[in-house]
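Visitor: This is the structure I have questions about; it appears just below.
None of the figures in this text is laboratory data; all of them are computed from the coordinates on show. What you see is a predicted model; the values in this text were computed from it and never measured. Don't worry about glycine lacking a Cβ; one is built from the backbone with ideal geometry, like all the others, and counts go over all protein chains shown.
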Amino acid sequence: MTGIVESTKVGYCGGETENPTYTSVCSGDGHTEAIKLDFVKNETNFEKILEVFFNEHSPQWKAKAQYKSAIWCQNEAQHAVAIKMIENLERDGKGPIKTDVYSPSESSVTIWYDAEEYHQDFYAKQSARSWI
């Protein structure tokens, strides 16, 4: 989504441990590895971002907290779009979708913690590796 995504930040949210680390998340502290992204709103919209989200991973798989599929909606419009998209995917036989969708009120009480620096811009840092 080059030119559409303004910035990304990798982090952890959803757990109760303060100041989680990759090690604590891997140990099952309840946090989810997550990404925040800011996108150019006159170039795309939340629905198109979600289309990429649902196409690039397996939302039918119920994972442990560290890897779960989740959307923390920032407003009611995003929440409505996410719920409708899941309903449409399931109606089209692509479900059941196991993605957790959090309302704006649920999202507002979820504390975000930035991941360690070595996790930021991971793809760019790892692009020379053969597995990517």
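Visitor: Among the lysines, which fall within straight-line cross-link reach of Lys9, defined as a Cα-Cα distance under 16 Å, with same-chain neighbours fewer than 8 residues apart omitted?
Guide: Within the straight-line limit of under 16 Å, Lys9 reaches these lysines: Lys36, Lys125.
Visitor: As a check on your grasp of the helix formula, calculate [θ] at 222 nm for the chain: sum -39500 (n - 2.57) over DSSP H runs of n ≥ 4, divide by the residue count, round to the nearest 500.
Guide: On the way: 5 runs with 41 residues, N = 132.
Counting only the DSSP helices, I get -8500 deg cm²/dmol.
Visitor: Cross-link partners among lysines for Lys98, C-alpha distance below 17 Å, same-chain residues fewer than 8 apart left out?
Guide: Lys62, Lys64, Lys68, Lys84
Visitor: Can you tally the net charge around Gln66? Count Lys and Arg as +1, Asp and Glu as -1, for every other residue whose Cβ sits under 10 Å from the Cβ of Gln66.
Guide: Values: positive: Lys64, Lys68; negative: Asp29, Glu33.
Net local charge, Gln66 excluded: 0.
Visitor: Less than 13 Å Cβ to Cβ from His79, Lys/Arg counted +1 and Asp/Glu -1: what total charge do the surrounding residues give?
Guide: -4
Visitor: With semi-axes √(5λ) of the Cα gyration tensor in Å as the read-out, I listed (i) 23, 16, 15; (ii) 35, 26, 16; (iii) 23, 19, 16; which label goes with the value calculated from this structure?
Guide: (iii)
Visitor: Would you mind checking which residues have amide H under 5 Å from Val101's amide H? H placed 1.01 Å from N; only 5 or more apart, or other chain.
Guide: Ile71
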